[in-house]
1. Of the numbered conditions (1) more than 14 Å from DNA strand C (Cβ to nearest atom); (2) at pLDDT below 90, A:Ser94 fails exactly one; give the number of that condition.
2. Kindly establish whether A:Arg43 is within 14 Å of DNA strand C (Cβ to nearest atom) and surrounded by fewer than 17 Cβ atoms within 10 Å (Cβ to Cβ).
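The values are calculated or read from the model by the stated rules, or taken from the named source; none is laboratory data. Predicted model, so just to flag it, every value in this text is computed and none were measured. As a convention, Cβ positions derive from the backbone with ideal geometry for all residues, glycine included, and neighbour counts pool all protein chains shown.
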Amino acid sequence: MSPMDTGITLNELVYSLVARIPSGRVMTYGQIAALCGSPRAARIVGGIAHFGSEELPWHRVVNKRGGLAGAFPGGRSAQAQLLEAEGVSVSAESIVGVDSLMWWPPESEEQL
DNA sequence: CGAGTGACCGCAA
DNA sequence: ATTGCGGCCACTC
């Protein structure tokens, strides 16, 4: 199934997913891209984030290594600060136990 | 409308 | 273990 079939674009789906990430939880670019139907389109997620709405919790979006985004507005420190404020432990520039904090949306939501 | 860039991921050497 | 390259979609010039 492709997002295009539903008439929704990848970026729209990314917005929905990011907006639904609960506090204290994080998602990886690859994970979001995979949910969109393009596991190799992690780059697009990053690009969308750069041009996306600032209202969305992009600070909860990190890379597979648990590392923070490089061009986050304010710097990685700002993103780390936001994550720690939500109860996420951040060591240096990587999240501690990011795999445990990996959040996954309900299967029903995948059909969006 | 065409080309370039991008907050990444995964594999091969 | 580290380094290098390809791939995908959307946005900007």
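1. Only one criterion is unmet by A:Ser94, namely (1).
2. On the way: within 14 Å of DNA strand C (Cβ to nearest atom): yes; surrounded by fewer than 17 Cβ atoms within 10 Å (Cβ to Cβ): yes.
For A:Arg43, the condition - within 14 Å of DNA strand C (Cβ to nearest atom) and surrounded by fewer than 17 Cβ atoms within 10 Å (Cβ to Cβ) - is met.
Each row is one residue, and each column tells you yes or no for (1) buried (at least 17 other Cβ atoms within 10 Å of the Cβ); (2) part of a loop (DSSP other than H, G, I, E, B).
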residue	(1), (2)
A:Leu17	yes, no
A:Ser23	no, yes
A:Ile32	yes, no
A:His59	yes, no
A:Arg65	no, yes
A:Ala69	yes, yes
A:Phe72	yes, yes
A:Ala80	yes, no
